[in-house]
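Only one structure is covered here, and it is reproduced in the block below.
The values are calculated or read from the model by the stated rules, or taken from the named source; none is laboratory data. Everything numeric in this text was worked out from a predicted model, so none of it was measured. So basically every Cβ, Gly included, is an ideal-geometry build from the backbone, and we count neighbours across all protein chains shown.
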There are 2 protein chains.
Amino acid sequence: MELRQLEYFMAVATHLNFSRAAEHVHVSQPSLSIQIGGLEKELGTRLFDRLGRKVVLTQAGELFQVHAERALREVEQAAQVVHELLGAKRGRLVVGTLSTVNSYLIAPLVSRFKQRFPDIHLQVHAQPSSEIVHGLLTNRLDIGICLLPLTHTHVTTIPLFEERLALIAPVGMKIGKRRARMQDLAPLPLVLMPADYCLRKMVESECAKAGVHPQVVLEMTSPEGILQAVAEGTGATILPELYVKSRLPASQLQIIDLYDPTPRHTVGLAYLTKRHRDQAANEFAALCETTMRDLQSGSTGSSRNKRHKRTAA
Amino acid sequence: MELRQLEYFMAVATHLNFSRAAEHVHVSQPSLSIQIGGLEKELGTRLFDRLGRKVVLTQAGELFQVHAERALREVEQAAQVVHELLGAKRGRLVVGTLSTVNSYLIAPLVSRFKQRFPDIHLQVHAQPSSEIVHGLLTNRLDIGICLLPLTHTHVTTIPLFEERLALIAPVGMKIGKRRARMQDLAPLPLVLMPADYCLRKMVESECAKAGVHPQVVLEMTSPEGILQAVAEGTGATILPELYVKSRLPASQLQIIDLYDPTPRHTVGLAYLTKRHRDQAANEFAALCETTMRDLQSGSTGSSRNKRHKRTAA
DNA sequence: CGAATCCATAGTCTATGACTATAGCGGCAG
DNA sequence: CTGCCGCTATAGTCATAGACTATGGATTCG
């Protein structure tokens, strides 16, 4: 059985006239007759009674019509849902993102995304980079935002922006200025992430460059917990500047710029190289860039905080 | 889009492996790849991500799969319902039958039919021959049982059996013997159907052959009513012998054989020549003959009455 | 009874799908 | 790291299926 036959059949069933039906499906009348004939032969019975000038459905035809119509409808819908997906009118997007980035970028990002694509079901998971890569490889994530560089076969990355890291210290801790050299870290008690975290590795390597050995007094996995520990005076830490600024509650912390060298890392998009990225994923990637540009440019202060408050409410 | 593509698609979606899927649908792997490729091209997006050794559905593929599966299911069902119809496992049969024949033949007939084809929805309408023909022509009836001969274009008839007509008289009316010549009708007051009824015409012509002019004292359309009028002594009548015997309540009537000549008419099946007759209709027609044979043969008396009572209850 | 309408058949041509062979790519083991 | 294996995509050839025009046969209507 062929879809063509079902279409022709429905046309005849509708018009009860082979010639009109043929016009309607844009074929010649003999072509249509042959297809109907083939269908009837395959089914082993007549679907139409040709009563001289009139054509009527046989009982078999009536029964057949019900399912033929549904079948064609489903085929149409199959194409329809795909087209809606392409137009980003429906779909699902699962994003994995670093918890730090999550705090300041994701809120305004999802806000914009939802505005433009209200019918896309968006899911955001805060995860460390390694989890994100794993999620991509196992198809649990469509796209990820993680630290670069990331050299993994099949995973393509696109740099988005650089994150400056800053020294975060409790208000009681005397540093001296609003800026500090990396060397100045040597005597400070630090609260950092465990050794297998990207951020920790990055701090270690920057310290090594500056020739200092950090004094780690506490290890915590979540930046949230680290900030709290710092606020209670357990020690200082090193975290992305934007992250800390975005969640600074009432300035119980000092944010001190680091230099010589300034520790920084690159944040970027990651996705499976061969995996198909639909409209929604591409638009999301594009929005990442424009949103980050907005955050870093003039609108940084007030605009960001407004957005943050809005989505946090 | 083609059904073939949907089938191949479902095979790949199931096996997540082009080569295995190809085996499963009995085509070569390149053939299947080309069809999937064509489908993806038509839809404008990938349905599968080819990740090295692995194949996974894209989001578009997942959405598509739902409807593709339903479409194929409907196609399968379309064929299924027709096949069940052919096997007389489902269907509908609308029969038009003469009210006289209805009384003695239909009861055992539908009983047998229902036994053999319990899932066929059977509808029986008691109508005069002219209505039956009209019903056939307008497709309200699938098959009819009426008086022959019937010369109408497009309507084919098959003789089933001959119905002998008998003189029916109230017990009070003295006829003389158990047999009567047609001539003997001349002095009798008769209750007959109106002039446009086949049965009446038939009686008229038989009388004409015998050279008598019937004295009609009452005209009624239903044989039921006529019998009642006769029972009350209004007059005699002429009706099919089997009909009267089948509904004789407590023998308030005498049934007198007529001869010289014996009035009789042929009852037969009628259907639209060009109309497709499915299994159910054909089986019904066959059952008509065998049932009638049984009625006319030895099993006439007791067996018939048993059947009648059973279905009348 | 002739004209018109309508479906079926015959014959021809194009296009599509299936096949074999093979290339290309990624994964795995020695 | 290199060679083999598994899997999909591409190239080229061939047969079939479907579309078209012309026409026949049957029925209806004026």
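Restricting segment A:34-44 to residues that are surrounded by fewer than 18 Cβ atoms within 10 Å (Cβ to Cβ) and on the phi < 0 side of the Ramachandran plot, which is nearest to the other protein chains (Cβ to nearest Cβ)? Here the answer is A:GLU42. A:ALA107: on the phi > 0 side of the Ramachandran plot, surrounded by 17 or more Cβ atoms within 10 Å (Cβ to Cβ), modelled with pLDDT under 90 and more than 8 Å from chain B (Cβ to nearest Cβ), yes or no? For A:ALA107, the condition - on the phi > 0 side of the Ramachandran plot, surrounded by 17 or more Cβ atoms within 10 Å (Cβ to Cβ), modelled with pLDDT under 90 and more than 8 Å from chain B (Cβ to nearest Cβ) - is not met. Can you spot a residue in segment B:96-103 that is surrounded by fewer than 20 Cβ atoms within 10 Å (Cβ to Cβ), modelled with pLDDT under 90, polar (S, T, N, Q) and away from DNA strand D (no atom under 16 Å from the Cβ)? Taking every residue of segment B:96-103 in turn, at least one turns out to be surrounded by fewer than 20 Cβ atoms within 10 Å (Cβ to Cβ), modelled with pLDDT under 90, polar (S, T, N, Q) and away from DNA strand D (no atom under 16 Å from the Cβ).
On the basis of being within 25 Å of A:GLN127 (Cβ to Cβ) and surrounded by fewer than 20 Cβ atoms within 10 Å (Cβ to Cβ), does A:ALA286 make the cut?
Taking the combined requirement at face value, the residue satisfies it.
Is it true that some residue in segment B:137-152 is outside the structural domain of B:ALA229 (by TED's automatic domain parsing) and in a helix (DSSP H, G or I)? Yes, segment B:137-152 has at least one match.
What is the one condition in (1) over 14 Å from B:VAL267 (Cα atoms); (2) outside the structural domain of B:GLY225 (by TED's automatic domain parsing) that B:PRO194 does not satisfy? B:PRO194 satisfies every listed condition except (2). Being of a type in the set (A, V, I, L, M) and either away from DNA strand C (no atom under 13 Å from the Cβ) or out of contact with any helix residue (DSSP H, G or I) (no Cβ under 6 Å at 6 or more places or on another chain) (or both) holds for only one residue in B:ALA60, B:ALA11, and it is B:ALA60. Sub-7 Å Cβ pairs linking a first residue in segment A:108-123 that is assigned to a loop (DSSP other than H, G, I, E, B) to a second residue that is among the aliphatic types (A, V, I, L, M), at least 6 apart or interchain, are A:PHE117/A:ALA88; A:PHE117/A:ALA280, ordered by first then second residue. Residue count for segment B:45-71 satisfying the condition of being within 27 Å of A:LEU63 (Cβ to Cβ), touching a residue at least 12 places away in the same chain (Cβ under 8 Å) and facing chain A (nearest Cβ under 8 Å): 2. Consider A:GLN29 carefully, then state whether it is touching a Ser or Thr at 6+ places or on another chain (Cβ under 6 Å) and within 9 Å of DNA strand D (Cβ to nearest atom). Considered against the rule, which asks whether it is touching a Ser or Thr at 6+ places or on another chain (Cβ under 6 Å) and within 9 Å of DNA strand D (Cβ to nearest atom), A:GLN29 comes out as yes.
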